[in-house]
Amino acid sequence: MRWIFLILLFSFNNLFAEEVNLFTTRHYESDIKIYKKFTEKTGIKVNVVAGKSKPLEKRILEEGKDCIGDIFFLADVGRLISAEKKNIFQKISSSIFESEVPRSFRSEYWIGIAKRARIIFYSPSKISKNELKDLNYENLSEPRWKGQIAIRQANNVYNQSLIASLIEKNGLDYMKKWLKDFVNNFSRKPQGNDRAQILSVASGESKLAIANTYYYALMLSGKKGKEQQLAAQKVKPFFPNQNNRGVHMNISGVGVLKYSPNKENAIKLIEYLLTPEVQSHIVNNTFEYPIIENAESNKLVMLMGKFKQDLDTPVSSYGKWQKEAYKLMKKSGWN
Ligand code: FE
């Protein structure tokens, strides 16, 4: 009798001998399906610890070598870089990362899983598309936009990444002057999330809004209620810098934790997240763009149209200017 028990115990243990622990700021019920499929294919069980970025990061730092986490999944490269600077990640490499993910969306410490653009939104009833012709981010400081731009607060990481990319392209001196003029063009004291900026354009309070692409599609989907859906329908996306470097891009991505107990499994799971089927699933929920070439985005995202992305400015360069960007933004009166 006893040996049967031992055999059972052994096989049960063996069943889940392989595992990977995913610390993530993504929380979609439907992601569970992805992980189940991964387990069926590889025998590696995926344990998910979901939470907000700050508390998860704090836990990882406090637990140090004892932390069970293998992968840390974060939105916005600003957060990935800030984690990298705290020495949370280890270097990773895989031929699949190199073949599937453009160089500008990865570093040796983290890799993009999905991408988003931070663009301009306008109301066609208030502005003709002609007025926006050839518009660059750089033009948003011009006096013709005085009192017309809605954007959220300076402490927001998406804004810091955008300004950091503009510093990388135009230099600090240019951006010091630019920021003062840009802040002068705000339609109101910055407040609310990205969706609130789009709502401000829909209501006619602002002529232009700056927001990430996926918030617009999320509003259009009706998942945020009828009111926001109707508001988004009054607003159109505009992709700036189309005659030069392209649109400011950002990523959601993952890094492997420094003390990852299951590093090999972690790499396997990340490679799995980069397969077309899983990519489509991931971006279908978040309304982001897939990071690989041959995966589909959500229909509402596709309807926003094709555009030129800035692939010349690596997202890792935002980290270089993140602190300086925030300082300059505050100094220019951006609350
Ligand atoms: Fe967001």
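The values are calculated or read from the model by the stated rules, or taken from the named source; none is laboratory data. For clarity, every value in this text was computed on a predicted model and none was experimentally measured. Positions of Cβ are backbone-derived with ideal geometry, glycine not excepted, and every protein chain shown enters the neighbour counts.
The table for this structure:
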quantity: When residues of region 214-235 are limited to those that are surrounded by fewer than 19 Cβ atoms within 10 Å (Cβ to Cβ) and away from the ligand (no atom under 16 Å from the Cβ), the one nearest to Val283 (Cα to Cα); calculated: Gly222
quantity: Selection within region 102-141 - away from the ligand (no atom under 16 Å from the Cβ) and part of a strand (DSSP E or B); calculated: Arg106, Trp110, Ile111, Ile120, Tyr122
quantity: Lone qualifier among Glu264, Glu227, Glu271 - being free of Cβ contacts under 8 Å to residues at least 12 places away in the same chain, in a helix (DSSP H, G or I), under 27 Å from His27 (Cα atoms) and assigned by TED's automatic domain parsing to the domain that holds Val283; calculated: Glu264
quantity: Top-ranked residue in region 81-97 [being among the basic types (Lys, Arg) and in a loop (DSSP other than H, G, I, E, B); ranked as nearest to the ligand (Cβ to nearest atom)]; calculated: Lys86
quantity: So Leu61, is it surrounded by fewer than 23 Cβ atoms within 10 Å (Cβ to Cβ) and modelled with pLDDT of 95 or more; calculated: yes
quantity: Which numbered condition Thr286 fails, given (1) surrounded by fewer than 23 Cβ atoms within 10 Å (Cβ to Cβ); (2) over 19 Å from the mean Cα position of the chain (by Cα); calculated: (2)
quantity: Number of the exception - Val315 against (1) part of a loop (DSSP other than H, G, I, E, B); (2) of a type outside the set (Gly, Ala, Ser); (3) at pLDDT 95 or above; (4) surrounded by fewer than 22 Cβ atoms within 10 Å (Cβ to Cβ); calculated: (4)
quantity: Selection count, region 3-33, where residues are modelled with pLDDT of 85 or more and over 20 Å from the mean Cα position of the chain (by Cα); calculated: 6
quantity: All positions within region 200-213 that are in a helix (DSSP H, G or I) and buried (at least 24 other Cβ atoms within 10 Å of the Cβ); calculated: Ser200, Val201, Thr213
quantity: Any chance Asn155 is surrounded by fewer than 22 Cβ atoms within 10 Å (Cβ to Cβ), more than 17 Å from the chain's Cα centre (by Cα) and not assigned by TED's automatic domain parsing to the domain that holds Phe72; calculated: no
quantity: Residues being away from the ligand (no atom under 15 Å from the Cβ) and touching a residue at least 60 places away in the same chain (Cβ under 8 Å) - total across region 199-213; calculated: 5
quantity: Checklist (1) touching a Gly at 6+ places or on another chain (Cβ under 8 Å); (2) among the hydrophobic types (A, V, I, L, M, F, W, C); (3) surrounded by fewer than 20 Cβ atoms within 10 Å (Cβ to Cβ) applied to Ala164, failing item; calculated: (3)
quantity: Pair list, Cβ under 7 Å, 6 or more apart: region 182-198 residue within 13 Å of Asn212 (Cβ to Cβ), other residue assigned to a loop (DSSP other than H, G, I, E, B) and within 16 Å of the ligand (Cβ to nearest atom); calculated: Asn193/Arg152; Asp194/Arg152; Arg195/Lys224; Gln197/Ile151; Gln197/Arg152
quantity: Residue match in region 316-323 (condition: touching a strand residue (DSSP E or B) at 6+ places or on another chain (Cβ under 6 Å) and touching a residue at least 12 places away in the same chain (Cβ under 8 Å)); calculated: no
quantity: Conditions (1) within 16 Å of the ligand (Cβ to nearest atom); (2) under 19 Å from the mean Cα position of the chain (by Cα); (3) hydrophobic (A, V, I, L, M, F, W, C); number of the one not met by Phe239; calculated: (1)
quantity: Residue pairs meeting the criteria (Cβ under 8 Å; at least 6 apart or on separate chains; first not assigned by TED's automatic domain parsing to the domain that holds Gly319 and assigned to a helix (DSSP H, G or I), in region 69-80; second surrounded by fewer than 24 Cβ atoms within 10 Å (Cβ to Cβ) and of a type in the set (Ser, Thr, Tyr)); calculated: Val77/Ser316; Gly78/Tyr158; Arg79/Ser53; Leu80/Tyr109
quantity: Residue count, region 38-58 (criterion: in contact (Cβ under 8 Å) with a residue 12 or more places away in the chain and either in a helix (DSSP H, G or I) or more than 23 Å from Tyr109 (Cβ to Cβ) (or both)); calculated: 8
quantity: Residue in region 172-198 that is farthest from the ligand (Cβ to nearest atom), counting only those that are surrounded by fewer than 23 Cβ atoms within 10 Å (Cβ to Cβ) and hydrophobic (A, V, I, L, M, F, W, C); calculated: Leu172
